[in-house]
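Student: Have a look at the structure that comes next, please.
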Amino acid sequence: MRRTLISIAAALSALASTPALVAREPFAKAHVSMMARAQLGGREARLSEIDVFAEGTRLRARLRGEDRAGEFWVDGLASPVLRLVDGQLSPPRRQTLEQGVLLAFAASPSLASANTDRIAGHPCKIVSEELAGGATLTRCLWRGLPLSVELHAGNFTFNAAATMVDEGAVTVADLQPPPGAPAAPASLSAGR
């Protein structure tokens, strides 16, 4: 009994130290092309184009021409971002382009915004947050979608920016779950 109480207390303290995430605002119906850059220390920077398809409660993103990077999937406004590689959940390694992409689409602990900007012709609100380990993440969000992302974590940097936003250019096929994607609980995802 005592061990159970201790483990429950430890779990509750761990949850209390993690900032609560708010549900995202519904995603705009859009195809967004982004250019991303990740660099660790003095190593050569890795560049990639990201295709993002989103509408309502679903978002699907993939690095163009990089199948080994997997696909990123959000199914539900309060759901975590999942990375799937060959039909399996596969969390990205730390300080990689894939980790930067995952953090770019993560839910935020606050939707409050003090500033606004325009990216790719769309107004967006700037949201900055402190992450674990002294990392900072700044995103400019337009209707739930990050159009600009800047992540600094020690000697690792990740930057991404929209190069094209095509509203309404998303089909049902673009938003189908990647192979192996788990279904979101009914409470997290609105029906289509």
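The values are calculated or read from the model by the stated rules, or taken from the named source; none is laboratory data. What you see is a predicted model; the values in this text were computed from it and never measured. We place every Cβ from the backbone using ideal geometry, glycine too, and count neighbours over all the protein chains shown.
Student: I need every pair where a residue in the range 161-173 that is closer than 13 Å to Pro146 by Cβ has its Cβ under 9 Å from the Cβ of a residue that is at pLDDT below 90 and exposed (fewer than 13 other Cβ atoms within 10 Å of the Cβ), sequence separation at least 6 or different chains.
Tutor: As it stands, the answer is Val165/Gly121, since those pairs meet every condition given.
Student: Among Ser148, Ser110, Ser128, which is the only one that is farther than 19 Å from Leu59 by Cβ, out of contact with any Gly (no Cβ under 6 Å at 6 or more places or on another chain) and without any contact (Cβ under 8 Å) to a residue 60 or more places away in the chain? Step through it out loud before you land on a result.
Tutor: On the way: Ser148 fails: farther than 19 Å from Leu59 by Cβ; Ser110 fails: without any contact (Cβ under 8 Å) to a residue 60 or more places away in the chain.
After applying the criteria, what remains is Ser128.
Student: Which of the residues belonging to the range 19-64 are of a type in the set (Ser, Thr, Tyr) and over 25 Å from Ala135 (Cβ atoms)? Break it down into steps so the answer makes sense when it comes.
Tutor: Within the range 19-64, the first condition is being of a type in the set (Ser, Thr, Tyr), and the residues that meet it are 33, 48, 57.
Ser33, Thr57, listed by residue number.
Student: Right, Arg58: more than 21 Å from Gly168 (Cβ to Cβ) and of a type in the set (Lys, Arg) or not? Talk me through it step by step, then tell me what you get.
Tutor: Working: more than 21 Å from Gly168 (Cβ to Cβ): no; of a type in the set (Lys, Arg): yes.
It is false that Arg58 is more than 21 Å from Gly168 (Cβ to Cβ) and of a type in the set (Lys, Arg).
Student: Could you pull out the residue among Glu98, Glu44 that is modelled with pLDDT of 95 or more, surrounded by fewer than 15 Cβ atoms within 10 Å (Cβ to Cβ) and outside any strand (DSSP E or B)?
Tutor: On the way: Glu98 fails: surrounded by fewer than 15 Cβ atoms within 10 Å (Cβ to Cβ).
Result of the check over Glu98, Glu44: Glu44.
Student: Just one of (1) exposed (fewer than 15 other Cβ atoms within 10 Å of the Cβ); (2) at pLDDT 95 or above trips up Val149, so point out which.
Tutor: All conditions pass for Val149, except number (1).
Student: Next question, about the same structure. Is it the case that the range 103-119 has a residue that's under 15 Å from the mean Cα position of the chain (by Cα) and not in a loop (DSSP other than H, G, I, E, B)?
Tutor: Taking every residue of the range 103-119 in turn, at least one turns out to be under 15 Å from the mean Cα position of the chain (by Cα) and not in a loop (DSSP other than H, G, I, E, B).
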